[in-house]
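Asks: One structure, pasted below without further comment.
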There are 2 protein chains.
Amino acid sequence: MSALRAAGLSPVRAVRTFSSQRALRAAFYGDEPAAPVLKTALPGPESKRHIEELRSAFETRSLNMMVDYTKSAGNYIADPDGNMLLDVYAQIASIPLGYNNPALAKAASTPEMVDAIINRPALGNFPSHTWAAILQSGILKVAPRGLDNVFTAMAGSDANELAYKAAFMYRRQQERGGRDVDFTPEELESAMRNEAPGSPNLSILSFRNGFHGRLFGSLSTTRSKPIHKLDVPAFDWPQATFPQSRYPLDQHAEENAKAEKASLDEVDHLLSTWRVPVAAVIIEPIQSEGGDNHASPDFFRKLRALTRKHGVLLIMDEVQTGVGATGRFWAHDHFDLEDPPDMVTFSKKAQTGGYYFRSRDLLPNKPYRQFNTWMGDPAKAILFRAIVDEVARLDLVANTARVGDYLYGRLEELARRYPEHFENLRGKGRGTYIAFDSPKRDEFLAKAKTHGINIGGCGPSSVRLRPMLTFQEHHADILVDALDKVAKEL
Amino acid sequence: MSALRAAGLSPVRAVRTFSSQRALRAAFYGDEPAAPVLKTALPGPESKRHIEELRSAFETRSLNMMVDYTKSAGNYIADPDGNMLLDVYAQIASIPLGYNNPALAKAASTPEMVDAIINRPALGNFPSHTWAAILQSGILKVAPRGLDNVFTAMAGSDANELAYKAAFMYRRQQERGGRDVDFTPEELESAMRNEAPGSPNLSILSFRNGFHGRLFGSLSTTRSKPIHKLDVPAFDWPQATFPQSRYPLDQHAEENAKAEKASLDEVDHLLSTWRVPVAAVIIEPIQSEGGDNHASPDFFRKLRALTRKHGVLLIMDEVQTGVGATGRFWAHDHFDLEDPPDMVTFSKKAQTGGYYFRSRDLLPNKPYRQFNTWMGDPAKAILFRAIVDEVARLDLVANTARVGDYLYGRLEELARRYPEHFENLRGKGRGTYIAFDSPKRDEFLAKAKTHGINIGGCGPSSVRLRPMLTFQEHHADILVDALDKVAKEL
């Protein structure tokens, strides 16, 4: 029982966990190899041929690996040469339950799915009579605490932009004096010229190193890397410094608290003084693309209070952090916010996208203000429902919490042995959402492939682990043993 | 043969057409009712129950009709009460081949589709070894003349925004002195603050009444209605007047030419003088959401020349007009442009989205500049490939040309009998892409439902016909007879 206790599990919980683990094994591991399979140098001849074929048709300069998805299985990604790598990047953190997951294959083969694919509705005008049930049994079933409403979208960028639009409409409605106050003729007319007051001069505050997407509004809040932003016109919106934490967080509590206070003071200042009034603050519970940067629950509670003080909305961007990988379904569940965010955006592992919102007050006062042709995609919503069912059936959120603790412990050992390649290990208590810095990061990632591991980077020199929710202790062992070899070779 | 000659068909073409029509009938009409079925008042009791159920979960204020897609068939849309309406709105012009199309059902049931759904790749990093073939046999097979490259997206709004980003990157690259000239430290640093020169002050010129989407960049070019734009911050981008044509176009050639010259002069002036330099002009071949506004091929040829003169790009937005409904696969094919547009955007009937582009010069000079997690969706690209195959097999572009001419002729009769309800009939020679103005438009649309027709509006008082590509003469007869009754009752 000591291992259980160490993992923070009660005996009842443990029984449930072990039964889930058996189900998990039965569900997946039959098709997985026992370990990575390396048959050729990477890329192999077949991969090279397919890359060449693709070059004239599509962007291949960012290509990382040519994949044969039909041969990929569970936590393993296959290439056309028969190589199979343990995948802890998972399509930039967007595959939840492994490749060729049998439960999802079943969900994707039903008449309901075929119907959703070939009869795609314009959901705002012509919803299906099954749409309410699809939402209630899927997307809304896992709604963050306190956020009972949803507006569906297609991916993370548009989910964030729709949330921004809702925030701007809410702000102007408040300024106008309520939901029932109509637009002025001047507003109606100036909006058509892209001028205030109809197109108001309002902003969204985001954080340095934050990533919120790459369309024009979302990119104006993205502050990750110049290559993401160069040559694209942007709105004059403010950015605050995300707390510059030192890791492990608990060993630097005092100085981290100072950094968090400095960040909050800056937010406070910007909300009072920025030249374009702020309608909402957007933040990731863990800054992901920007380098896996963490802050304490206390920081987020105080940030929530600060947005209240200034009468601006708080949007939690859970596009990458959401759907179970951190050991809670939503990463911001770790913060125990008494006063939940006003909106939570999601996509990636959910396959669909959208924003949850707190109150019907955030619904624009008239129809056709928040509207587009498709307004989401029932086919993806059905897929997410199947994912939600499988996460519950196999208790996968508890799984990532448990396996994450195990993996973190093993990485701590590596960091002790190779401190120069595993700096700033972070993500303790955050499931498998773990990262570390490695000065030779790009070489590190390349070498990991030669040891059968597909792994991703983030920020200037971080290695981010984004295994699927089905990642288990034995996968963690394979990963750590390979990273050990990588470190030896660097 | 006289009917053939009147329809502009050669005997060889006619044989092919009649054989396609037989195939079309075999493919679809078995499941269609012979005429609309009206069992209850609209909405009926079952529809009302489902609307009530949906109200707490989703936006229902814009709901037009609750639909049972499983019972919908071909050109007929069904509701949960067993009513079946002839659908000439087709999910805001986004259903190409009818409901429950058997060929698409087959394509949606293959192992290839299941694989694409459950193993969704991050296409820029981890494309499937089948992706090149999917593109070549689908999206690229129908690439507009002169545009051999594509970047895939998910819907119309993001397709347009990605095209804008490509235009801005191209413009700055020209200003910088070419593809190989690197960014300056000042650019790298200012981009992170959303300031010039890194985030340049550049614009996209669009036209009054144009519609290009509702995200922040696309909405800044959308000039349809205030309700689409109010309370959303917008870029300071210019708009020109779309030619104010009188209809029928050929009977007002001289004054329309004057209106077109006035529009071109305004574009010329704005491109020279607008306070934010213009990188690209975007235009729809037929302004759709904004009221089905047409201009002559000559206008578009001159607009193309004008963009050349000013060194700005031309983006043709074919999101609504594309994929066959106008009697050509792309509506701008009607213009016989010697010098094609630089980019053509698409979505809706294509189910996927994206932009075609003319030259690899428009590809940003480095990877990760035009990039996002999914970069499109192979499942939708596979669906579009099946649509492309079916359009070819059944010769559906010729079908819309022929049926459109027939329908236009019958509507001309109605317009002669009820000139007050069928004003400015337009779309002659543009397939089934037909519209007219009706001062009592909203009442017109509501009454059409009571006669078994689902039909949509656009602009302030227009009725737009957007039947599917499978719409036939006998459907046109049902439609026209119902509209005759509507007009009598108004």
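The values are calculated or read from the model by the stated rules, or taken from the named source; none is laboratory data. These numbers were taken from a predicted model, which means no experiment stands behind them. Note that each Cβ is placed from the backbone with ideal geometry, even for glycine, and that neighbours are counted across all protein chains shown. The accessibility values were calculated without ligands, DNA or RNA, using every heavy atom of the protein model including side chains. Shrake-Rupley method; radii C 1.70, N 1.55, O 1.52, S 1.80 Å.
Asks: Comparing the chain by itself with all protein chains present, which residues of segment A:335-368 are at least 20 Å² less accessible (probe 1.4 Å)?
Replies: A:LYS348, A:GLN351, A:ARG360, A:LEU363, A:PRO367, A:TYR368
Asks: Using the structure shown, list the pairs from A:LYS349/B:LYS165; A:LYS428/A:LYS488; B:LYS261/B:LYS380 with a Cα-Cα distance above 30 Å, or answer none.
Replies: Check vs 30 Å cut-off fails for B:LYS261/B:LYS380.
Asks: Additional query: Using θ = phi - 60° and the Karplus form 6.51 cos²θ - 1.76 cosθ + 1.60, what ³J(HN,Hα) does each residue of segment B:350-361 get, whole Hz, x for Gly and Pro?
Replies: These are the phi-based 3J(HN,Hα) values: 6, 6, 9, x, x, 9, 7, 9, 7, 9, 4, 4 Hz.
Asks: Can I ask one more? Kindly work out what percent of the DSSP beta bridges joining two residues of chain A are antiparallel, to the nearest 5. Don't skip to the end; give the middle numbers.
Replies: Numbers: 25 of 39 bridges.
Antiparallel bridges make up about 65 percent of those DSSP assigns within chain A.
Asks: List the residues of segment B:69-98 that lose 50 Å² or more of accessible area once all protein chains are present, compared with their chain alone (1.4 Å probe, heavy atoms only, no ligands or nucleic acids).
Replies: In segment B:69-98, residues shielded by partner chains: B:TYR69, B:GLN91, B:ILE92.
Asks: Further question: Give me the residues in segment B:107-122 whose solvent-accessible area, probe 1.4 Å, is reduced by at least 40 Å² once all protein chains are included instead of the chain isolated.
Replies: Relative to the lone chain, where solvent access is computed with a 1.4 Å probe, segment B:107-122 loses at least 40 Å² at B:ALA108, B:VAL114, B:ASP115, B:ILE117, B:ILE118, B:ASN119, B:ARG120.
Asks: What is the Cα centroid distance between segment A:28-94 and segment B:309-348, reported in whole angstrom?
Replies: Between the Cα centre of segment A:28-94 and that of segment B:309-348, the gap is 37 Å.
Asks: Which residue, B:ILE51, B:LEU97, B:GLN173, has the largest displacement toward the positive end of the dipole of chain B when charges sit on each Cβ (Lys, Arg +1; Asp, Glu -1)?
Replies: Final value for the positive-end residue is B:LEU97.
Asks: Working only with C-alpha atoms, what are the Rg and Dmax values of the protein assembly as shown, expressed in angstrom?
Replies: Every Cα atom of the protein assembly as shown included, Rg and Dmax give 28.0, 92 Å.
Asks: Quick query: amide H of B:GLY456 versus all other amide H atoms, modeled in the peptide plane; which residues come in under 5 Å with a sequence gap of 5 or more or a different chain?
Replies: Distant-sequence amide H within range of B:GLY456: B:ARG464, B:ARG466.
Asks: In nm, what is the difference between 0.36 nm times the number of residues separating B:VAL480 and B:ALA133 and their Cα-Cα distance? Show your work: numbers first, answer last.
Replies: Working: separation 347, 0.36 × 347 = 124.92 nm, distance 4.30 nm.
Result: 120.6 nm gained on full extension.
Asks: I've got another one for you. At a 10 angstrom cut-off on C-beta neighbours, averaged per residue, how do the peptides B:342-352, B:409-419, A:195-205 rank from highest to lowest? Numbers along the way, then the final one.
Replies: On the way: B:342-352: 28.6, B:409-419: 15.0, A:195-205: 21.3.
Sorting B:342-352, B:409-419, A:195-205 by mean packing, highest first, produces B:342-352, A:195-205, B:409-419.
Asks: Please report the carbon-and-sulfur percent of the accessible area for segment B:391-490; probe 1.4 Å, protein heavy atoms only, DNA, RNA and ligands left out. Could the numbers behind the result be given before it?
Replies: Numbers: 1680 of 3290 Å².
Its accessible area is 51 percent carbon and sulfur atoms.
Asks: With θ set to phi - 60°, apply the Karplus curve 6.51 cos²θ - 1.76 cosθ + 1.60 along segment B:131-141 and write out the HN-Hα couplings as whole Hz, x wherever there is a Gly or Pro.
Replies: Result, rounded to whole Hz: 5, 4, 5, 4, 5, 5, 8, x, 3, 7, 5.
Asks: How high is the FRET efficiency from B:THR110 to B:ARG301, r the C-beta distance, R0 51 Å, rounded to 0.05?
Replies: Once rounded, the FRET efficiency stands at 0.75.
Asks: Okay, next question. For segment A:436-445, just list the computed ³J(HN,Hα) in residue order, Karplus coefficients 6.51, -1.76 and 1.60, θ = phi - 60°, integers in Hz, with x standing in for Gly and Pro.
Replies: Coupling constants for segment A:436-445: 8, 9, 9, x, 9, 4, 5, 5, 4, 5 Hz.
Asks: May I pose another question? What spacing in nm lies between the two simple spin-label points modelled at B:TRP274 and B:HIS310, each 7 Å away from Cα in the Cβ direction?
Replies: Going from the B:TRP274 label point to the B:HIS310 one covers 0.6 nm.
Asks: Roughly to the nearest percent, how much of the accessible area of segment A:41-98 is carbon and sulfur, given a 1.4 Å probe?
Replies: 55 percent
Asks: In degrees, nearest 10, range 0 to 90: what is the angle between the Cα axis of helix A:156-176 and the longest Cα principal axis of chain A?
Replies: 20 degrees
Asks: Provide the FRET efficiency to the nearest 0.05 for the A:GLU338-A:GLU412 pair, computing r from the beta carbons and using R0 = 35 Å. If you can, show how the numbers build up before the last one.
Replies: Values: r = 33 Å, r/R0 = 0.93.
In this case the efficiency is close to 0.60.
Asks: Hey, what did segment A:110-248 get for relative contact order, percent, Cα under 8 Å, at least 6 apart? If you can, show how the numbers build up before the last one.
Replies: Details: 111 pairs, mean separation 22.3, N = 139.
It rounds to 16 percent for segment A:110-248.
Asks: Just the accessible area per residue of chain A, please: how many Å² with a 1.4 Å probe?
Replies: Working: 16300 Å² over 490 residues.
Counting only protein heavy atoms, the per-residue value for chain A is 33 Å².
Asks: Something else now. Please compute the average number of Cβ atoms from other chains found within 10 Å of each residue's Cβ in peptide B:371-379.
Replies: Details: counts 6, 9, 14, 9, 4, 1, 6, 1, 6.
Counting other chains' Cβ atoms within 10 Å and averaging over B:371-379 gives 6.
Asks: Follow-up question, since we're still on this one. In chain A, with Lys and Arg counted as +1 and Asp and Glu as -1 at Cβ, which of these residues, A:ASN125, A:TYR76, A:HIS269, has the Cα nearest the positive end of the dipole, that is, farthest along it?
Replies: Result: A:TYR76.
Asks: A further question on this structure: What spacing in nm lies between the two simple spin-label points modelled at A:LEU490 and B:GLU420, each 7 Å away from Cα in the Cβ direction?
Replies: In this crude spin-label approximation the distance works out to 8.1 nm.
Asks: Also, I was wondering about something else. Quick one: check the C-alpha center-to-center distance for segment B:366-397 versus segment B:210-229, whole angstrom.
Replies: Answer, in whole Å: 25.
Asks: How many Å² of accessible surface get buried when B and A come together, counting both sides, probe radius 1.4 Å, rounded to the nearest 100?
Replies: 10900 Å²
Asks: What whole number of Å gives the distance from the Cα centroid of segment B:429-466 to the Cα centroid of segment A:428-490?
Replies: What the calculation gives is 58 Å, centre to centre.
Asks: Enter the angle in degrees (range 0 to 90, nearest 10) between the Cα long axis of helix A:11-28 and the first principal axis of the Cα atoms of chain A, meaning the one along which they spread out most.
Replies: Long axis of A:11-28 versus the principal axis of chain A: about 80 degrees.
Asks: For B:ASP389 paired with B:GLU473, estimate the spin-label separation in nm (one decimal), with each label point 7 Å from Cα along the Cα-to-Cβ line.
Replies: 3.0 nm
Asks: Suppose R0 equals 56 Å; then what is the FRET efficiency for B:ASP31 and A:ALA35 from their Cβ-Cβ distance, rounded to the nearest 0.05?
Replies: Numbers: r = 52 Å, r/R0 = 0.93.
Efficiency, from the Cβ-Cβ distance: 0.60.
Asks: Ok, one more. Can you tell me what share of the DSSP beta bridges in the protein assembly as shown is antiparallel? A percent to the nearest 5 is fine.
Replies: So the antiparallel bridges amount to about 60 percent of the total.
Asks: Further question on the same structure: Where does helix B:253-273 land angle-wise versus the long Cα axis of chain B, in degrees 0 to 90, nearest 10?
Replies: Computed tilt is about 30 degrees.
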